Amino acid sequence: MRNIEIELPPGANLSKVEKAIEATLAAVGLQVCLRGTLKKFPGCTHCHARKAGQPGTLELTLWPQQHRAWISIQSGRTADWILEKVPELQKALSKHLAA
């Protein structure tokens, strides 16, 4: 598994960060197919995103208690589009969070 940290602005409103993540996923052409939490990170929001008609799943986690967010790429769920979308997602998310 590979984790890619998402830099959150200091003092960011984390409910706005969650909305920015969802808007950014849609803006780069990804669909949220699962939303929940992870036992390992209590209070986090965890979602799975997919590209329509393509195999592979990109995971995103926002953990407000630790002021942390990251993208996860599981080895069994990887696809070429994921590696292509990650830089686009990071750039678009940075713009959303800076606004």
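Where a number appears in this text, it was derived from the coordinates with a stated rule and is not lab data. What you are looking at is a predicted structure, and each value in this text was computed from that prediction instead of being measured. For neighbour counting, all protein chains shown are included, and Cβ atoms are generated from backbone atoms with ideal geometry for every residue, glycine included.
A few comments on the model shown:
- Fully extending the segment from GLN31 to GLN54, taken as 0.36 nm per residue of separation minus the present Cα-Cα distance, adds 7.2 nm.
- In the stretch 1-87, the ratio of gyration radius to Kirkwood radius, Rg to Rh, stands at 0.94 when only Cα atoms are counted.
- Distance from the Cα centroid of the stretch 17-52 to that of the stretch 66-99 is 10 Å (rounded to whole angstrom).
- Helix 14-27 axis, angle to the chain major axis (alpha carbon atoms, nearest 10°): 30 degrees
- The chain: relative contact order as a whole-number percent, Cα under 8 Å and 6+ apart: 32 percent
- Rounded tilt (10° steps) of 80-98 against the dominant C-alpha axis of the chain: 20 degrees
- Within-12-Å neighbourhood charge of ILE82 [Cβ basis; K, R +1; D, E -1]: +1
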